[in-house]
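Asks: Have a look at this one.
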Amino acid sequence: CCQSSKKSGNKIVSHLLLVEPDKIYAMADPTAPENDVKVLTTLCDLVDRELVVIINWAKHVPGFSALSLGDQMGLLQSAWMEVLILGLVFRSLPYEEGLVYADNLVLEREQCRVVGLLDLYCTILQLITKYRKLQLDKEEFVTLKAMALANSDSMSIENVEAIQNLQDLLHEALQDYETNQHLADPHRSGKLLMTLPLLRQTANKAIQSFRRVVTEGKVPMHKLFLEMLEAK
Amino acid sequence: KEKHKILHRLLQDSTSPVDL
């Protein structure tokens, strides 16, 4: 992390690198039969635990904890799936094919089809292709993730100015980083920001997919995951 | 807030403000 901090040269970006959460792993039930329900159960359990990680991570995004509790909730309720998808996409970048939900839970096209998540897989793959072409680095990933949180367009914001300040702070950090680290491409920050609509579209599709899983009722869902799916 | 009680509780748990 120290090398990365020195490299980024921007205080906010360095801070975001430092507060990047540790990896979490899938915990499949070894006694469960190998089928689509087992895969989805393992995935939903992983997402539930990742949600706790995301909520704790958000507290360390500069300026977030200074917001009112209501605004913190509003941002997270709107952005959690975008944050989660961006992490999934970043982990999957080095892989030829497959979505790296965790190092021990990589879902390839066929598995996604079997569990009813093929449509979502294709959309996420489009996002992965985009970031792979851009050669998204870790500094950009952490900054975009914080921007997704701050730019969540929650309908229930009390202090619009505070959110705007947070967005401006992160935007400045990205521009500063790009100016210093990617001199050769003056349009790079724009290119990165232009990926955010696809990220939102993908997150909305993911929410729909997991709501379908809830409706089907075959997979046990944890309370926090259900709460966040209802809130979105 | 009552409807979203787990999120509410997690956010209130040892909040670590970051002042940069």
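Asks: Quick one: residue A:220 ticks every box in (1) under 16 Å from residue A:124 (Cβ atoms); (2) not hydrophobic (A, V, I, L, M, F, W, C); (3) not in a helix (DSSP H, G or I) bar one, so which box is it?
Replies: Here residue A:220 meets the rest and fails (1).
Asks: Identify, by number, the condition in (1) over 16 Å from the mean Cα position of the chain (by Cα); (2) in contact (Cβ under 8 Å) with a residue 40 or more places away in the chain that residue A:136 doesn't meet.
Replies: Residue A:136 satisfies every listed condition except (1).
Asks: Ok, one more. Go through the residues of the range A:210-217 one by one and say whether even a single one is in contact (Cβ under 8 Å) with a residue 40 or more places away in the chain and crowded, with 18+ Cβ neighbours inside 10 Å.
Replies: yes
Asks: Out of all the residues in the range A:145-156, is one or more among the polar types (S, T, N, Q) and part of a helix (DSSP H, G or I)?
Replies: Within the range A:145-156 (the criterion being among the polar types (S, T, N, Q) and part of a helix (DSSP H, G or I)), the answer is no, since none of the residues qualifies.
Asks: Given the residues A:19, A:53, which is the only one that is over 21 Å from residue A:202 (Cβ atoms), within 13 Å of another protein chain (Cβ to nearest Cβ) and within 20 Å of the chain's Cα centre (by Cα)?
Replies: A:19
Asks: So in the range A:63-72, with the set limited to residues that are surrounded by fewer than 21 Cβ atoms within 10 Å (Cβ to Cβ) and facing chain B (nearest Cβ under 7 Å), which one is farthest from residue A:166 (Cα to Cα)?
Replies: A:69
Taken together, the values in this text are just the output of simple stated rules run on the coordinates, not laboratory data. From a predicted model like this one, the values you see are computed outputs, not experimental measurements. Quick reminder, even Gly has a Cβ in these numbers, built from the backbone with ideal geometry, and neighbours come from all protein chains shown.
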